[in-house]
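The values are calculated or read from the model by the stated rules, or taken from the named source; none is laboratory data. The structure presented is a predicted model; accordingly, all values stated were derived computationally and were not measured. Neighbour counts are summed over all protein chains in view; Cβ atoms, including those assigned to glycine, are modelled from backbone coordinates with ideal geometry.
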Amino acid sequence: MLLVTATLLSQPLIARDRWKLVWHDEFDGVSLATDKWTYVVGGNGFGNDELEYYTDRRQNVYVQNGNLILNALKESYTGPDGVSREYTSGRIRTKGKFSQAYGRFEARVKIPRGQGIWPAFWMLGDNGERWPDCGEIDIMENIGREPDTIHGTVHGPGYSGSKGIGTPYKLPNGAAFSADFHIYAVEWTRQSIQWYVDDALYKTLTPADLPVGTRWVYDHPFFLILNVAVGGRWPGSPDQTTSFPQKMYVDYVRVYQAE
């Protein structure tokens, strides 16, 4: 497994050799860099019947010891919109701050674990279209009942939701992704999207792989999103085995362009 520190001098060799770093956050400060990220606030389920309320509170989103921490809590909370939830968590994005078409997009992340916990590192199209016409690239998703498995997926017009096109990646011997940091990345060109874990390529998608009659919508800038959802149609709800808090640690996020 390839592990790197949050310094530019120790970038993965694959990135140093083939790509030029154009945007990054090493999370070395004392708070979230709001010139790079915006908070997503709300508890409307986000189209997935999620159970959390995302807040901009330090309890849910903070920077500490060189890591961004998204912290899912079990607590009764009512937001400023009057919506009440029994869980809170964090979700941030670069919309309005940074977006890019094509390149290598990567993050070094230690995910949480537990039934009903749903961490993700993903991108949405920044072209003004509504979902799914804007396109969605899921670089990494995990649902807590599958501790050894992450998913890389795309969603677009005619292949969204349960019809999204993706591939799971499993660690050997049933090892849990939550046990350590891993590097999750996509390399995206005009002709393909490729998914990596720790620089191991596990999926290549091209326009020819889409269902007949559907469109390739990965030809415009996308922005980045990091979040930890609680519950939802895919992962299901937390149960008696789920402990809180559940934290996702993000060592860095880096975006490259081809040299």
Scanning the stretch 27-61 residue by residue, the ones that are over 16 Å from GLY82 (Cα atoms) and touching a Gly at 6+ places or on another chain (Cβ under 7 Å) total 8
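Quick one: would you say PRO132 is over 24 Å from TYR102 (Cα atoms), assigned to a loop (DSSP other than H, G, I, E, B) and modelled with pLDDT of 95 or more?
no
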Of (1) touching a helix residue (DSSP H, G or I) at 6+ places or on another chain (Cβ under 9 Å); (2) free of Cβ contacts under 8 Å to residues at least 60 places away in the same chain; (3) under 12 Å from LEU224 (Cβ atoms), GLU106 satisfies every one except (2)
Test of understanding: among TYR87, TYR77, which residue is within 13 Å of VAL230 (Cβ to Cβ), free of Cβ contacts under 8 Å to residues at least 40 places away in the same chain and in contact with a strand residue (DSSP E or B) (Cβ under 9 Å, 6 or more places away or on another chain)? TYR77
Please specify each residue of the stretch 230-255 satisfying the condition of being farther than 20 Å from VAL186 by Cβ, in a strand (DSSP E or B) and touching an Asp or Glu at 6+ places or on another chain (Cβ under 8 Å). VAL230
Selected residue [outside any loop (DSSP other than H, G, I, E, B), aromatic (Phe, Trp, Tyr) and over 19 Å from ASN60 (Cα atoms)] from TYR202, TYR218: TYR202
Does TYR169 satisfy the criteria of being among the aromatic types (Phe, Trp, Tyr) and assigned to a strand (DSSP E or B)? yes
Considering only residues that are over 15 Å from GLY152 (Cα atoms) and in contact (Cβ under 8 Å) with a residue 24 or more places away in the chain, which ones fall in the stretch 180-209? ASP180, PHE181, THR189, ARG190
Criterion violated by LYS36 - all others in (1) part of a loop (DSSP other than H, G, I, E, B); (2) surrounded by 15 or more Cβ atoms within 10 Å (Cβ to Cβ); (3) at pLDDT below 95 satisfied: (3)
Inside the stretch 126-164, the number of residues satisfying the requirement of being touching an Asp or Glu at 6+ places or on another chain (Cβ under 7 Å) and under 22 Å from ARG104 (Cα atoms) is 6
Mind checking which residues of the stretch 233-250 are under 16 Å from the mean Cα position of the chain (by Cα) and either surrounded by 20 or more Cβ atoms within 10 Å (Cβ to Cβ) or not hydrophobic (A, V, I, L, M, F, W, C) (or both)? PRO235, GLN246, LYS247, MET248, TYR249, VAL250
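Can you find, within the stretch 164-177, the residue that is nearest to ARG113 (Cα to Cα) among those that are touching a residue at least 40 places away in the same chain (Cβ under 8 Å) and surrounded by fewer than 21 Cβ atoms within 10 Å (Cβ to Cβ)? Break it down into steps so the answer makes sense when it comes.
Of all residues in the stretch 164-177, those touching a residue at least 40 places away in the same chain (Cβ under 8 Å) come to 165, 176-177.
Among the residues that remain, those that are also surrounded by fewer than 21 Cβ atoms within 10 Å (Cβ to Cβ) are: 165, 176.
Values: ILE165: 24, ALA176: 9 Å.
Among those residues, the one meeting the criterion is ALA176.
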Filter the stretch 168-224 for residues that are at pLDDT 95 or above and of a type in the set (Asp, Glu) and give the result. ASP180, GLU187, ASP198, ASP209, ASP219
Screening TYR62, TYR77, TYR87 for residues that are of a type in the set (Phe, Trp, Tyr) and closer than 20 Å to PHE181 by Cβ leaves only TYR62
